[in-house]
Amino acid sequence: MVRPVSDAELRIDPLTGAHVVVTPWRQQRPNLPAGQCPFCPGGLEAPGPYDVRHFANRWPALPDGRHEVVLHSPDHDASFPDLDEDQAARVVELWSARTAVLGERDDVAYVFVFENRGRAIGATIDHPHSQIMAFGTIPPIAEAELSAGPCTFCAEGDDDLLVIRHRGWQAAVPWAPSWPYELLISPLGHVADLPAAGQELRTGLGAMLVDALTRVQRLLGPDAPYMLWTHQRPAGGGEWPAAHLHLHLAPALRAPGVRRHLAAAEFGAGIFFDPVDPRQAAARLRSAAP
């Protein structure tokens with residue numbers, strides 16, 4: 001049974017305006033549990049066979065079924081680079097389907113799809129999975145992007161930062177990356193969200209994720225930890241001219257075996273320091289082609 005989270009509420013830090021949800025029940029969630037993996041077929045969260053699967057998070061950060069887990073494969077060791085394009089496409093299709101369902105709820109303003117991969121990131125179960133949070137308000141970073149003016153992704157980019165164009169998508173290093181070897185993955189056309197992308201373009205996204213994460217592993221080592229998150233149009237439709245569907249891929253290493261740490265300047269001053277030149281990062285990722 002999903003634990004009650006009636007006490008979960010959004011708090012605003014009066015000093016900084018930071019958004020915080022206090023979730024003390026998550027302190028008790030299992031961390032790398034011994035015995036059978038709960039996400040493998042026959043496990044606690046996957047009692048039967050599956051290709052991809054979603055379910056309500058047993059230790060949710062948001063109440064009322066607004067925090068879900070998505071299993072990418074029944075194979076315990078199959079990270080994104082290990083998936084074939086068909087299986088990757090199934091994952092993206094499930095992300096899209098859940099975005100549509102959750103986005104229809106009256107208590108949902110924004111559907112946020114993300115993956116924390118690797119123990120260095122804090123993943124508590126190794127089995128490949130992502131999560132979906134359906135927020136009651138538009139998160140601050142997504143809101144900042146949506147309020148930035150004309151669509152950044154439709155503007156002409158810097159070819160030195162481009163890593164690959166493939167199947168209607170492109171992956172490029174940001175001009176001002178917060179993370180070494182960070183990638184922005186976006187459709188070439190102006191598409192607002194995953195449901196609006198259509199099946200063909202979503203299939204292309206699965207292929208792009210396999211390609212991009214294979215490059216990251218070739219450059220930074222097998223099982224390199226990373227964070228992946230999706231920004232898309234808020235729930236409820238509406239006119240959001242700057243809502244261009246895209247994904248941020250942020251590897252947690254700055255070199256093979258060397259973790260990229262966030263410390264006082266990043267947290268206390270709100271300024272990121274990237275030790276890798278973005279154009280050099282793009283060149284290295286281009287050379288790591290599968």
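Selection of segment 125-174 for residues being more than 28 Å from residue 50 (Cβ to Cβ), open to solvent by 50 Å² or more (accessible area, probe 1.4 Å) and part of a loop (DSSP other than H, G, I, E, B) yields 137, 147, 148, 150, 152, 153, 154, 155, 156, 157, 158. How many of the residues in segment 82-124 are closer than 20 Å to residue 209 by Cα and part of a loop (DSSP other than H, G, I, E, B)? Within segment 82-124, residues that are closer than 20 Å to residue 209 by Cα and part of a loop (DSSP other than H, G, I, E, B) number 4. For beta carbons closer than 8 Å, sequence separation of 6+ or different chains, a first residue in segment 30-47 that is in contact (Cβ under 8 Å) with a residue 40 or more places away in the chain and a second that is open to solvent by 40 Å² or more (accessible area, probe 1.4 Å) and of a type in the set (D, E, K, R), the qualifying pairs are 32/119; 32/126; 37/126. Just one of the numbered conditions (1) touching a strand residue (DSSP E or B) at 6+ places or on another chain (Cβ under 7 Å); (2) loosely packed, with under 13 Cβ neighbours inside 10 Å; (3) of a type in the set (A, V, I, L, M, F, W, C) is not true of residue 285; which one? Against the list (1) touching a strand residue (DSSP E or B) at 6+ places or on another chain (Cβ under 7 Å); (2) loosely packed, with under 13 Cβ neighbours inside 10 Å; (3) of a type in the set (A, V, I, L, M, F, W, C), residue 285 comes up short only on (2).
Does residue 201 count as touching a residue at least 40 places away in the same chain (Cβ under 8 Å) and of a type outside the set (Val, Ile, Thr)? Spelling it out, it is not the case that residue 201 is touching a residue at least 40 places away in the same chain (Cβ under 8 Å) and of a type outside the set (Val, Ile, Thr). Among the residues of segment 230-241, those that are within 19 Å of residue 151 (Cβ to Cβ) and open to solvent by 20 Å² or more (accessible area, probe 1.4 Å) comprise 233, 237, 238, 239, 240, 241.
If you go through segment 48-74 and pick out every residue that is of a type in the set (Asp, Glu) and in contact (Cβ under 8 Å) with a residue 40 or more places away in the chain, you end up with 2. The lone criterion from (1) in contact with a strand residue (DSSP E or B) (Cβ under 8 Å, 6 or more places away or on another chain); (2) buried (at least 19 other Cβ atoms within 10 Å of the Cβ) left unmet by residue 81 is number (1).
Among the residues of segment 254-282, count how many are open to solvent by 20 Å² or more (accessible area, probe 1.4 Å), touching a strand residue (DSSP E or B) at 6+ places or on another chain (Cβ under 6 Å) and of a type in the set (A, V, I, L, M, F, W, C). Count: 0. Where residues in segment 47-61 are out of contact with any His (no Cβ under 9 Å at 6 or more places or on another chain) and within 12 Å of residue 75 (Cα to Cα), which of them is surrounded by the fewest Cβ atoms within 10 Å (Cβ to Cβ)? It comes out as 49.
So, in segment 259-277, exactly how many residues are within 12 Å of residue 176 (Cα to Cα) and within 21 Å of the chain's Cα centre (by Cα)? Qualifying residue count for the region: 2.
Considering only residues of segment 213-227 that are under 16 Å from residue 278 (Cα atoms) and open to solvent by less than 30 Å² (accessible area, probe 1.4 Å), which is farthest from the chain's Cα centre (by Cα)?
Start the filter on segment 213-227 by keeping residues that are under 16 Å from residue 278 (Cα atoms), which leaves 215-216, 219-220.
Keeping just the survivors that are open to solvent by less than 30 Å² (accessible area, probe 1.4 Å) gives 215-216, 220.
Working: 215: 17, 216: 15, 220: 19 Å.
Looking at the filtered set, the residue picked out is 220.
If you scan segment 142-161, which residues turn out to be of a type in the set (A, V, I, L, M, F, W, C) and touching a residue at least 12 places away in the same chain (Cβ under 8 Å)? Break it down stepwise before answering.
Applying the first criterion (of a type in the set (A, V, I, L, M, F, W, C)) to segment 142-161 yields 142, 144, 146, 148, 151, 153-155, 161.
Answer for segment 142-161, where residues must be of a type in the set (A, V, I, L, M, F, W, C) and touching a residue at least 12 places away in the same chain (Cβ under 8 Å): 142, 146, 148, 151, 153, 154, 161.
Residue 36 meets the conditions (1) modelled with pLDDT under 90; (2) assigned to a loop (DSSP other than H, G, I, E, B); (3) open to solvent by 80 Å² or more (accessible area, probe 1.4 Å) in every case but one. The failed one is (1).
Within segment 175-197, if we keep just the residues that are under 25 Å from residue 220 (Cα atoms) and of a type outside the set (A, V, I, L, M), the residue that is surrounded by the fewest Cβ atoms within 10 Å (Cβ to Cβ) turns out to be 175.
The values are calculated or read from the model by the stated rules, or taken from the named source; none is laboratory data. Being a predicted model, the structure only gives us computed values, none of them experimental. Positions of Cβ are generated from backbone atoms using ideal geometry, with glycine treated the same way; all protein chains shown enter the neighbour counts. Calculation scope for accessible area: heavy atoms of the full protein, side chains included, ligands and nucleic acids excluded. Shrake-Rupley method; radii C 1.70, N 1.55, O 1.52, S 1.80 Å.
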